[in-house]
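Written below as structure tokens is the structure these notes are about.
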Amino acid sequence: MPTSARTRSLLTWLPATILVVVIGLIVLATFAVQGSWWAEDRPAASTDQKASDGSSMLTDAGFDYVNVEGIVRVRIGDGALPAADLGMPMDGDKSAEFRRPVRAVMAGGSDVYVVDDVAALTAVTQSGALASVTLALDNPGTWSDAVNTVRALAPTYGWDSSQIDALDEGLAEYNRGDSAEPFIATVGPSVGGAAVTATLTFYPGSGATPVTLTFAPAP
């Protein structure tokens, strides 16, 4: 069917009109972001983002602040706040994957542990108290990379070197079987202000071996 001159004129203007609308939306979005909390270089934490003792709230709002500041702070065991004061239930768990690797500052008793390149966190509460915090380290490498990571951390946490020396034999024994399930090995727990355990999970298909560190109250 022939197109009228008026229709052709409308079709000519339509792309330009859409472009103007899109540009307008971008401008509005830019002003909104510039005036938002996220655009601040180091915004002050609100009460739903940091607890009364300076610990990170283990909530979505708390993890939002961690993503901005780049540091997650948790105290476990003696002196730790009740689960409710951290925004968690009496019995439950809360996980977060950070937008970029962050630094974790973990306090247990009189000891303070600093863990860099943390990609994710899982907190578990039992009977109204924080029972464990597991930190997933960023960029899982091979089995050898994981063992070397744990070996480098051993002096910090006081892990038994014989446990680390036995890791390769454990994997060799696993490889002599035909299991398709991941091979999981642990080192620790440490003795100190917190009980710290390293877990290596070897995936046979890819060979990737992520490492996690679990902090629990000292016995």
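Of the residues Gly141, Leu130, Phe202, the one whose Cα sits farthest towards the positive end of the charge dipole of the range 98-207 is Leu130 (charges of +1 on Lys and Arg Cβ, -1 on Asp and Glu Cβ, taken about the Cα centre). Per 10 Å bin from zero, what fraction in whole % of the C-alpha pairs of the range 145-190 is there, up to the bin with the longest pair? Taking all Cα pairs of the range 145-190, the binned fractions are 25, 50, 22, 3 percent.
Taking the range 54-84 and a reference point 7 angstrom along Cα→Cβ of Val114, the backbone N atoms nearer than 15 Å belong to 70-74. Counting only heavy atoms of the protein chains and using a 1.4 Å probe, Leu81 has close to 30 Å² of accessible surface. Rounded if a/c is under 1.5, else prolate if a/b beats b/c, else oblate: with a ≥ b ≥ c from the C-alpha gyration tensor eigenvalues square-rooted, which is the range 157-216? Note, shape of the range 157-216 comes out prolate. Counting Lys and Arg as +1 and Asp and Glu as -1 over every other residue whose Cβ lies under 13 Å from the Cβ of Gly108, the net charge comes to 0. Quick one: pull the percentage of alpha-carbon pairs in the range 116-219 with a separation above 23 Å. So the pairs more than 23 Å apart make up 29 percent of the total in the range 116-219.
The values are calculated or read from the model by the stated rules, or taken from the named source; none is laboratory data. On a predicted model such as this, the values are computed, not experimentally measured, just so you know. Quick reminder, even Gly has a Cβ in these numbers, built from the backbone with ideal geometry, and neighbours come from all protein chains shown. When the accessible area is computed, the model is the full protein with side chains, heavy atoms only, and any ligands, DNA or RNA have been set aside. Shrake-Rupley method; radii C 1.70, N 1.55, O 1.52, S 1.80 Å.
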